[in-house]
Structure formats: structure tokens, C-alpha cells
1. Which one is nearest to ligand 2 (Cβ to nearest atom) among residues in region 200-221 that are surrounded by fewer than 20 Cβ atoms within 10 Å (Cβ to Cβ) and among the charged types (D, E, K, R)?
2. Has region 84-103 got any residue that is in contact (Cβ under 8 Å) with a residue 60 or more places away in the chain and under 27 Å from the mean Cα position of the chain (by Cα)?
3. Go through region 274-297 and give me each residue that's touching a Phe, Trp or Tyr at 6+ places or on another chain (Cβ under 9 Å) and either part of a strand (DSSP E or B) or away from ligand 3 (no atom under 16 Å from the Cβ) (or both).
4. Going through region 234-250 one residue at a time, which ones are within 12 Å of ligand 1 (Cβ to nearest atom) and surrounded by fewer than 23 Cβ atoms within 10 Å (Cβ to Cβ)?
5. Can you tell me which residues in region 64-82 are under 12 Å from Phe96 (Cβ atoms) and surrounded by fewer than 20 Cβ atoms within 10 Å (Cβ to Cβ)?
6. Mind telling me which of the residues Asp244, Asp192 ends up being within 16 Å of ligand 2 (Cβ to nearest atom) and of a type outside the set (Ser, Thr, Tyr)?
7. I want to confirm something. Restricting to region 197-226 and keeping residues that are assigned to a helix (DSSP H, G or I) and near ligand 1 (Cβ under 7 Å from one of its atoms), which single residue is nearest to Ser36 (Cα to Cα)?
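Every read-out reported here was derived from the displayed coordinates using simple, explicitly stated rules and does not represent laboratory data. Since the structure is predicted, the reported quantities are computational estimates derived from the model, not experimental observations. Here the Cβ positions follow ideal geometry from the backbone for every residue, glycine too, while neighbour counts run over all protein chains shown.
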Amino acid sequence: MLLVLKFGGTSVGSAQRIKDLVKLTVSPTPKIVVLSAMSGTTNALVEISNALYSKDVEKANSLISALKQKYLKEISELYSKKESLEKATQLVNNHFNYITAFTLDMFTVNEEKAILAQGELLSTAMFHYYLEETGVKSVLLPALNFMRIDPNDEPDLTYIEKNCKEELKKYPGDNLFITQGYICRNAFGEIDNLKRGGSDYTASLIGAAIQSPEVQIWTDIDGMHNNDPRVVSKTHPINQLSFDEAAELAYFGAKILHPTCILPAQKRNVPVRLKNTMQPEAEGTIIANISTNEGIKAVAAKDGIIALNIKSERMLLAHGFLRAVFEVFERHKTSIDMITTSEVAVSVTIDNTKYLNEITKELREIAIVEVDTDQTIICVVGQIPKDRAGYGHKVMEALKDIPLRMVSYGGSSNNISVLVKSSFKKEALQALNKGLFNYNN
Ligand code: ADP
Ligand code: ASP
Ligand code: MG
């Protein structure tokens, strides 16, 4: 029975932080440690890729060299033995030579994905070498041997389960495994990833695959808070959340969790615990198959939303109209987040703009379409029973000065959502912090 512990970018963000991981990971309890890239690395790799897309080789080379210098400095602080430092220098040279090779040839999305994978490959090997130096035995498991997505970019849990277990079977006597978050292979066997912030998803997928007793997400804050601490100044951690509540918060913008990371754990009933690396004694948040108390627990916001108002030229409920509308989105593999309807029109939101032109063109064949960009979904999450009065009122009262583009109530008993212009996001989160949690921001 292996625990899964995931440490995010700040938790491996410097030589000292990597050293500090020892006390959180080295114990007789068998575990798989999933690591992100050092903080800032994936952003730097994105910048390098952007320079290469725009054929600015000089800029790419200077960004590559700056990032390499950072790694050379970190390893010089991390290792005290000559042999470890030599091995790590070789590691850094190899990875940066690999990245540099991409400056010489054509650059496409495949090359970018290969570049983006380097951060996690580096951080995991660096930690593995550090444990080796301190005399702790660990096994570096290559995530690229067992993490896979299918042709729809969805994780292939059957493959992951089979291959992860096979990989682990090779080391029957070991109890400390290290692997890379975020990176995977796609259906063609090429290097790919689980999208930004995807290391949480890796941890949850591994936890589900091996039926772990618990997945722990270690980060820089003491659990899921009631509001976005980057936007409002007063927040508090929530000790317990149900899977459904946590999934809503993650999906609707609580950055502490990757949007879909709860689902695999929920499917296999593996509890997820959020912990603070900088404050390990803090209780954190436990997310499990539990029924939590009635009431509103948290709010979150998701930016980059597009709202489409689709007005039927006849009547909305005319037979087959809604089906025709939804089929357009289905054809273009674009999922809808929020929906509101009236007799003659329906408003929906999407966050994926890849096929927006095609979607609006096809919708205009059957309806009048208006598109609003720069929208934000504000999501209020908790246990909101159908037979209780007052919750809707409380939310609306708090938001009384903010123009609301859409309101969604009753989709589930966990969620009340509103859509606002992104320029009102801060005001909306502050107003809810005051109206729902009595904080003055
Ligand atoms: P990591 O690099 O460890 O994956 P992230 O930066 O992805 O960490 O997630 C942690 C951050 O999420 C916190 O520092 C915090 O600013 C942000 N965050 C946003 N919403 C919330 C929330 N509701 N509760 C806790 N943290 C949140
Ligand atoms: N390193 C990746 C990112 O920055 C994945 C992660 O940290 O979860 O997005
Ligand atoms: Mg994260």
C-alpha cells in the first residue's frame, strides 16, 4: 500500500527546499513522491518555446543559458560531495544540450512538448541524487513509461494502472519511489503533458491506479481556503470537503488544485489531503467521500470565459432546437460550463476558444448569436439543500452592486454560479467575502 505525495513548484523551488523534502518523505511508510518542476521553470520553458516559434534563436539561446545558469547554481548548493555534483552537472548539461538542439531545426507543438517535459525530469533526478548522497535508497520511476493520454487527450487509466503496477513490480523490496508530475505520452507515443498545473492530476491518477490509501498534495498554503488568497486579503482554510465540493472548486478556478484532479481519486474513492510544505503541522484539508455540513464553504473564480447568447428565430423549445445547438459544440469538442435559458434564447459559456469561429458560424445558420468575451465565472460552493430558503438571496444580496450576465442555481446542490465581466471579478470576490464570510477586505 503506497501513499502518493505530490510536491509542487515552490516545494522544490530551491536547493534548500529540495533538502527540506527529506524530512517529509523519508520514513518507513511506502510512498510514491510526485514532483513538479522547480517554480518558474515551466514558465521559462514556455518562453523559450515562444522564442523558437517566432524563430528568435538568439533570444531562445539567451533564455536557455539563463535557465541553465540557475540550475548550475542550485546544484552547487544542493550537493556537498564531489561525485554527486559531477553527476548532477552531467544531468544539467544533458538536459540543456537537448533543449538547445531544438534551436537548430523546425519547431512545432511536438518539440514544444518535449521541451516542457524537461523541468520535471530535472527536479526528480536532482532529488533522487540528493537522497543518494544522504544515503537514502530511492527509485526514480520514469513517468513516460506509464502515464498516457488517449486520442481525446484524456488520461488512459487502464493503461496507467497496468503499466504503473508493472513498473513498481520491478522493485519488490523498495519503499520510496520518485516520479515526474505533469508529463506523459500521448496515443502516438510522443512526449506530451497533462496541461499546466497537471502534476496534481498525475498524483491523483497514480493514486487511483494503485488504489492508494491517500493522495497528499503538498503546496505553499495550508489547504483549500474559502476564497482566492491572491485576490482577497482575508481567507481561512477549510478542514473538510466532499469530493463534489472540491471538484467544483478546482474546476471553477481554485488554483491549489488542477481542474480535473479530483475526479480519478473520487472514482476510486481515494482521499486527497492538501498540506503545506512550509507548515507541515497545519491540519490542511481532507477531501473524501464524506457528507459535510450544510452551508456555503468557499468561492472561486474562473477567468477566460466566453458567453454565447443563442436566440432562436422561432421558439427555443421548438422541437429539436436545443439538440441542434448542443450538437454544434459536440462536433467541435468544446464543452459547455454554464447554461441559462429563456423562452426564446439560451446562453452558454465555454472556456476553449479553439473552435469559436466554426461554432459561431454553424450556430448562425440556425439562430442569432451574440458573443461576449472577457467573462469570469464566480462559483459559490457548499452544501446547499434544495428545500432550504435563503442561500440564493445571500449570494444575490452580496452581489447587489455587480452586473450579472448569467446566474445558475440548482444544477447541483453544491453550486451557485454567476457570470460577470472579468473587470468585476475582484469586486465580486470581495463582496462575497464580506456577504458570505463576514470579512472586510
Ligand atoms: P503548486 O506549485 O504547489 O502546485 P499552485 O501555485 O499551483 O501550487 O497552488 C497553490 C496556490 O493556489 C496558492 O499559493 C494560492 O495562491 C492559490 N489559490 C487559489 N485559490 C485558492 C484557494 N481557494 N485555496 C488555497 N489556495 C488557493
Ligand atoms: N510544472 C508544471 C506547471 O508549471 C506542472 C505543475 O507544476 O503542476 O504547470
Ligand atoms: Mg499547482
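1. Among them, the one singled out is Asp220.
2. So far as region 84-103 goes, no, none of its residues is in contact (Cβ under 8 Å) with a residue 60 or more places away in the chain and under 27 Å from the mean Cα position of the chain (by Cα).
3. Across region 274-297, the qualifying residues are Leu274, Lys275, Asn276, Pro280, Ile287, Ala288, Asn289, Ile290, Gly295, Ile296.
4. Correct list: Thr235, His236, Pro237.
5. Once the filter is applied, which keeps residues that are under 12 Å from Phe96 (Cβ atoms) and surrounded by fewer than 20 Cβ atoms within 10 Å (Cβ to Cβ), region 64-82 yields Ser65, Ala66, Lys68, Gln69, Lys70, Leu72.
6. The conditions single out Asp192.
7. Ser199
For (1) away from ligand 2 (no atom under 16 Å from the Cβ); (2) touching a residue at least 60 places away in the same chain (Cβ under 8 Å); (3) polar (S, T, N, Q); (4) farther than 30 Å from Met1 by Cβ, each residue gets a yes or a no:
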{"site": "Glu120", "(1), (2), (3), (4)": "no, yes, no, no"}
{"site": "His128", "(1), (2), (3), (4)": "yes, no, no, no"}
{"site": "Glu133", "(1), (2), (3), (4)": "yes, no, no, no"}
{"site": "Glu154", "(1), (2), (3), (4)": "yes, no, no, no"}
{"site": "Glu161", "(1), (2), (3), (4)": "yes, no, no, no"}
{"site": "Leu168", "(1), (2), (3), (4)": "yes, yes, no, no"}
{"site": "Asn175", "(1), (2), (3), (4)": "yes, yes, yes, no"}
{"site": "Gln180", "(1), (2), (3), (4)": "no, yes, yes, no"}
